[in-house]
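Read the structure below first, then the notes.
The values are calculated or read from the model by the stated rules, or taken from the named source; none is laboratory data. A quick note: this is a predicted structure, and the numbers were derived from the prediction, not measured. Ideal geometry is used to build each Cβ from the backbone, glycine not excepted, and the neighbour counts take in all protein chains shown.
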Amino acid sequence: MRKLKIIALAMFATSVALTGSRAQEASSPVLTIEGKIAANGSIDLTMNEIEEIGVAEITTTTPWHDGAVTFSGAPMADLLKKVAATGSKISVIALNNYHTEIPVSDFEKYGVILATKKDGKYMPVSDKGPLFIIYPFDSDKELKSEIYYSRAAWQVRTITVE
């Protein structure tokens, strides 16, 4: 069942990238959060539901872009509060099966966001979308290191709270 959900999310993200259908993306699940949360261990969220949590902006340089980029999206701390997460770390899986682990403490400490837009536009899968975990790399020298770059996952599809 989990494999089917992952395949369905990957197929959906690919179709959004190919069609650019913002209306479909807004009402179809783009993210699964599971693990130590209130919703019986798993919840699927649409882009609209993610954006309803709130929107924060981070303007920063990254190793993957030329110059500073402005990202906007839901604060990760608020996202975890919405699903009543109780763990101390999250495990993130991307559409390309990239995996990273992030301490929950990073979210309040650094103001990490789950970006839905880059420079005011929704990000297609071909440009690291539709969801990208972003740190404010320029705000603290400590963040300009491989450990934090590796936590900045793009094409996020599943977050497991542990």
Margin query: Can you tell me how many residues within the range 2-53 are at positive phi and at pLDDT below 75?
Written below: 1
Next item on the list: Mind counting the residues in the range 108-145 that are more than 12 Å from the chain's Cα centre (by Cα) and either aromatic (Phe, Trp, Tyr) or more than 23 Å from Leu80 (Cα to Cα) (or both)?
Entry: 16
Next item on the list: Answer yes if at least one residue in the range 75-96 is more than 14 Å from the chain's Cα centre (by Cα) and closer than 22 Å to Glu146 by Cα, and no otherwise.
Entry: yes
Next item on the list: Determine which single condition Gln155 fails, assuming it passes every other condition in (1) closer than 21 Å to Thr61 by Cβ; (2) of a type in the set (S, T, N, Q); (3) without any contact (Cβ under 8 Å) to a residue 24 or more places away in the chain.
Entry: (3)
Note to self: If Val104 satisfies all but one of (1) within 12 Å of the chain's Cα centre (by Cα); (2) closer than 22 Å to Asn40 by Cα, what's the number of the condition it fails?
What the structure shows: (1)
